[in-house]
Every structure is written in C-alpha cells, then in structure tokens.
C-alpha cells in the first residue's frame, strides 16, 4: 500500500498546515452540519461524535460548533448542504473519487470539472470508478505511544492492519468495527491524531515519478477546493518519489 501511504502522509502534513491557517474549520463545520441531520446528540450519532472530535482538535469555538449542529439538525438556521460524490480519471488513467459537501451544486460541478480538465483528466459518470474503492476506518496514532503495546491492542481489537508510517502509526479497520475500535483506543488512553471513515482503492495503478508528479498536482488542487471534503485515488506512488514542499 505504498501509494496510499504516500498520499496519507501528504494529507497529514497538509492537515497540519491547514489547521495552522484555520482552513480546516470550513471542512469540519460542513461535516458537523451534515452529520447532525441524523440527530444532534453525539451519543446516538457516531458520525457527529467523530466530527466533534475533529472540531475540538482544531480548537473550534463552542458557539461555532453549536451553530453547525443546530443548522444540520433543523433546530437552528436551516441549511441546504448536500453531499455529492464525483468520479473521474486523472493523468495516467488513475481513478479519482472526490467527496464534496455544497450548498451550490452548479458551482461545485463547475469547480471539480475544471480541476479534472486543468490537469489532463476527465470527469466520469456515476459508478465509473466507485466500485474500485472500499470503505474502511483509518486511525493515525502518535508515535509517542509504545509500538509494541499498540500492536497488542490492535490485534486484540480485531483491526485489519497496522503499519508504521513516516509521521504516525496507521491502524486500518473494517467500517463496521470502526466505532468499537475507537472506544477500545480511548479505554486504553491511546492518543490518536486522526480517525476517519474513508475510501481505499483495492487495486492500485503503479506510476513512475513523472506521472506521480502530475497525479499529485491534481490531487492537491482538488483537495484545496472549497467544497471538497476528501479526495481518493488508486494511484500508487513509487517509494522513491519525493514530494516537493
């Protein structure tokens, strides 16, 4: 999973940069608003509970969090946020799946289509690449935690995989086991940097360094669009591929 790991490390660094600029707030507010549609109580709404953890990690003000919950649950100012998934192909024929949340579908379609065409890709139809991805849980744990102890807990919890990444330990779970394993980590006082349900490609496309640079450009450009929440690909970047700062 070298390709996925490379993109995971890039996103991890980007998240830290975005947090320092307060840029992460926009995405988290959207996530809270949409999650709250299933109920304003995080104890009964695992998706909202996860979004609130991200909000707290980003030092978001309580009033901002409260307004987002009220907006999404219908107890406050109503909003029209909707989730839209875009599917397409990037340079080298790699699959790219883009998760968005928007209050203006036409704007988002235009922005995503422009991003694909700008970097030599093309927007596909519904279902064109989604079948290549599987929903999984990802938990990134700070390296200050004992690797030996973490592996022991991971094995006992029933998680799928454990890998030692550049900036963190990554634990992979089945989507249905995600919340259970999060609770186990909390019981064992395991500090995690990020925890999310995400999509991972089950079959990867090997790229050389030149094509990796092109794919990374479209991924980063797409990830920076205001309405984009997550970007996924089945590209596998080579181990010796150096990411420019």
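Just give me the residues in region 154-175 being on the phi < 0 side of the Ramachandran plot, part of a loop (DSSP other than H, G, I, E, B) and exposed (fewer than 13 other Cβ atoms within 10 Å of the Cβ), in sequence order.
Within region 154-175, 166 is the sole residue that qualifies.
For residues that are modelled with pLDDT of 90 or more and in contact with a strand residue (DSSP E or B) (Cβ under 9 Å, 6 or more places away or on another chain), scanning just region 136-148, find the one that is farthest from residue 182 (Cα to Cα).
Here the residue is 147.
Quick check on my filter: what residues within region 89-139 are surrounded by 17 or more Cβ atoms within 10 Å (Cβ to Cβ) and on the phi > 0 side of the Ramachandran plot?
92
Does residue 117 satisfy being under 21 Å from residue 220 (Cα atoms), over 21 Å from the mean Cα position of the chain (by Cα) and without any contact (Cβ under 8 Å) to a residue 12 or more places away in the chain?
yes
Could you look through region 59-70, keep only residues that are surrounded by fewer than 15 Cβ atoms within 10 Å (Cβ to Cβ) and part of a loop (DSSP other than H, G, I, E, B), and pick out the one that is nearest to the chain's Cα centre (by Cα)?
Within region 59-70, the match that is nearest to the chain's Cα centre (by Cα) is 59.
I want to confirm something. Restricting to region 1-58 and keeping residues that are closer than 17 Å to residue 231 by Cα, at pLDDT 80 or above and in contact with a strand residue (DSSP E or B) (Cβ under 8 Å, 6 or more places away or on another chain), which single residue is surrounded by the fewest Cβ atoms within 10 Å (Cβ to Cβ)?
Only one residue tops the list, namely 27.
Which condition number in (1) surrounded by 12 or more Cβ atoms within 10 Å (Cβ to Cβ); (2) modelled with pLDDT under 95; (3) in a helix (DSSP H, G or I); (4) in contact with a helix residue (DSSP H, G or I) (Cβ under 9 Å, 6 or more places away or on another chain) is the one that residue 151 fails?
(4)
With the checklist (1) without any contact (Cβ under 8 Å) to a residue 60 or more places away in the chain; (2) surrounded by fewer than 17 Cβ atoms within 10 Å (Cβ to Cβ); (3) in a strand (DSSP E or B) in hand, flag the one item residue 242 doesn't pass.
Failing condition for residue 242: (3).
Going by the conditions given, is residue 92 at pLDDT 90 or above, in contact with a helix residue (DSSP H, G or I) (Cβ under 8 Å, 6 or more places away or on another chain) and not in a helix (DSSP H, G or I)?
Judged against the criteria, residue 92 is not a match.
The values are calculated or read from the model by the stated rules, or taken from the named source; none is laboratory data. Not measured: the values here are computed from a predicted model. Every residue, glycine among them, receives a Cβ derived from its backbone with ideal geometry; neighbour counts consider all protein chains shown.
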